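What follows is one structure encoded as structure tokens, with my remarks underneath.
The values are calculated or read from the model by the stated rules, or taken from the named source; none is laboratory data. What you see is a predicted model, and the numbers here were worked out from it, not measured in a lab. Here the Cβ positions follow ideal geometry from the backbone for every residue, glycine too, while neighbour counts run over all protein chains shown.
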Amino acid sequence: MKDALIDPFAREITYLRVSVTDRCDFRCVYCMVEDMKFLPKKDLLSLEELDRMCSAFIELGVRKLRITGGEPLVRRNIMSFFNRMTRHLDSGALDELTLTTNGSQLYRFAEDLYSAGVRRINVSLDTLDEQKFARVTRWGRLKQVLRGIDAAQSAGLRIKINAVALKGFNEEELFTITEWCHARDMDLTWIEVMPMGDMGTEDRIGQYWALSELRDQLAQRYTLTHLLERTGGPARYLRLEETGQKIGFITPLTHNFCESCNRVRLTCTGELYMCLGQEDMADLRAPLRNTADSPKALEEAIRKAIRLKPKGHDFDYSRQVISGQMTRHMSHTGG
Ligand code: SAM
Ligand code: SF4
């Protein structure tokens, strides 16, 4: 057994999120500009390189792998990558292989994902209204996503819906979305919008709907119990006593969750971001490419990067001025 990856604040790194592409078939307004410029394909890690990289992390103690993007299911041949990762589930080295998707391609891949060992997935969906869906995703079609969700449930995949809370947009759907998830036996997590990418300060603040407000609205209809469970991430949970439903809240801006952070993020070009909210990163592509036959050099580069993991992020909306804003888009690091 190799030594675990422990950062300078004694946090063990057991969770790797991997963005396998920066491309997407949607253009969600809080995530991308419409004429988004994408990376040249040659800069991307090949699927074989992604396999070597993920396997190196797994050997160093990573037990959960989340595949994200951009939209992971639009990467060509992506199922062959999932199939390669199955061996780590089979060997017991990996506890969970999962993905975050916009759902547009699920109708094609749901069964293959299940066969590869995926059991739970996150599907991002902010509204159940067709026109609003088209507005927020710019290019997406709600029907296609709902068809994908049906296919995923039929294949046996457990679904968690991730909805970004947007002021004046999906506020009025709070109860509809909650009831819809309950009726379909899906979990639900609300995400506070984060200052990622350069998309205009005023818009961003206008879009911000504090989850504390959302919680207060839920409390008007349900009895809420705060749950203590933690996942090492920014999510907090509460239970609606009337239905038994568990609702997650990801509030990176109103709470500091960094003390228990167990994760790092790899971009599709092999940059490792030790914190979603900081610019610091380590290039792992060079050690991966230069030392194809010397895994030791890659291991050293990973260990060195983890030693640089910062204590936390600096997002702060509290004075209606965005400090700690990132110029990088979420599709680059993977949400
Ligand atoms: N395309 C996939 C999807 O949409 O699920 C995976 C990548 S996407 C970048 C991952 C998550 O990040 C999605 O749930 C999306 O809603 C969220 N996201 C994107 N931009 C965000 C922002 N500025 N603030 C909060 N969440 C954001
Ligand atoms: Fe694409 Fe996901 Fe970003 Fe929407 S949130 S544009 S689906 S990467």
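Do we have any residue at all in region 51-58 that's touching a His at 6+ places or on another chain (Cβ under 6 Å) and within 21 Å of Ile191 (Cα to Cα)? No: zero hits. Which pairs do you get when a residue that is among the charged types (D, E, K, R), found in region 22-33, comes within reach of a residue that is within 6 Å of ligand 2 (Cβ to nearest atom), reach meaning Cβ atoms under 6 angstrom, with the pair 6+ apart or on two chains? Note: pairs meeting the criteria are Asp22/Gly70; Asp22/Ser331; Arg23/Gly70; Asp25/Glu71. So, in region 203-234, exactly how many residues are within 15 Å of ligand 1 (Cβ to nearest atom) and modelled with pLDDT under 85? Residues meeting the conditions: 8.
When Ile67, Ile58 are checked against the criterion of being more than 10 Å from ligand 1 (Cβ to nearest atom), at pLDDT 95 or above and β-branched (Val, Ile, Thr), a single residue qualifies: Ile58. Tell me which residues, restricted to region 114-127, are crowded, with 16+ Cβ neighbours inside 10 Å and either away from ligand 1 (no atom under 12 Å from the Cβ) or not acidic (Asp, Glu) (or both). Hits for region 114-127 are Tyr114, Ala116, Gly117, Val118, Ile121, Asn122, Val123, Ser124, Leu125, Thr127. Could you tell me whether Arg87 is touching a residue at least 24 places away in the same chain (Cβ under 8 Å), in a helix (DSSP H, G or I) and away from ligand 1 (no atom under 16 Å from the Cβ)? So Arg87 does not fit the description; no.
Restricting to region 64-80, name every residue that is buried (at least 17 other Cβ atoms within 10 Å of the Cβ) and of a type in the set (D, E, K, R). Answer for region 64-80, where residues must be buried (at least 17 other Cβ atoms within 10 Å of the Cβ) and of a type in the set (D, E, K, R): Lys64, Arg66, Glu71, Arg75.
Applying the set (1) under 23 Å from Ala165 (Cα atoms); (2) without any contact (Cβ under 8 Å) to a residue 12 or more places away in the chain to Gly233 leaves exactly one unmet item: (2).
Looking at this structure, is Cys28 within 17 Å of the chain's Cα centre (by Cα) and in a helix (DSSP H, G or I)? Here the answer is no, as Cys28 does not meet what is asked.
If you filter region 12-47 down to residues that are more than 16 Å from ligand 1 (Cβ to nearest atom) and surrounded by 21 or more Cβ atoms within 10 Å (Cβ to Cβ), you find that the one that is nearest to Ile78 (Cα to Cα) is Leu45. Within the bounds of region 104-113, is there any residue that is surrounded by fewer than 18 Cβ atoms within 10 Å (Cβ to Cβ), within 14 Å of ligand 1 (Cβ to nearest atom) and outside any helix (DSSP H, G or I)? Among the residues of region 104-113, not one is surrounded by fewer than 18 Cβ atoms within 10 Å (Cβ to Cβ), within 14 Å of ligand 1 (Cβ to nearest atom) and outside any helix (DSSP H, G or I), which makes the answer no. Among the residues of region 72-105, those that are within 16 Å of ligand 2 (Cβ to nearest atom) and either more than 14 Å from Cys24 (Cα to Cα) or touching a Lys or Arg at 6+ places or on another chain (Cβ under 7 Å) (or both) comprise Val74, Thr98, Leu99, Thr100.
Before we move on, is Lys37 at pLDDT below 95 and assigned to a helix (DSSP H, G or I)? No: the conditions fail for Lys37. Residues in region 40-71 that are within 16 Å of ligand 2 (Cβ to nearest atom) and part of a loop (DSSP other than H, G, I, E, B): Leu44, Gly69, Gly70, Glu71. Restricting attention to region 116-134, the residues being touching a residue at least 24 places away in the same chain (Cβ under 8 Å) and either under 21 Å from Gly70 (Cβ atoms) or hydroxyl-bearing (Ser, Thr, Tyr) (or both) number 10. Residue pairs whose Cβ atoms lie under 6 Å apart, separated by 6 or more positions or on different chains, with the first residue in region 269-296 and touching a residue at least 60 places away in the same chain (Cβ under 8 Å) and the second in a strand (DSSP E or B) and of a type outside the set (Lys, Arg), are Tyr273/Met281; Met274/Val264; Leu284/Leu272.
Is there a residue in region 178-185 that is within 26 Å of Arg23 (Cβ to Cβ) and crowded, with 20+ Cβ neighbours inside 10 Å?
Checked against the condition, which is being within 26 Å of Arg23 (Cβ to Cβ) and crowded, with 20+ Cβ neighbours inside 10 Å, region 178-185 yields no hits at all.
Across region 212-233, the number of residues qualifying as crowded, with 16+ Cβ neighbours inside 10 Å and either charged (D, E, K, R) or assigned to a loop (DSSP other than H, G, I, E, B) (or both) comes to 4.
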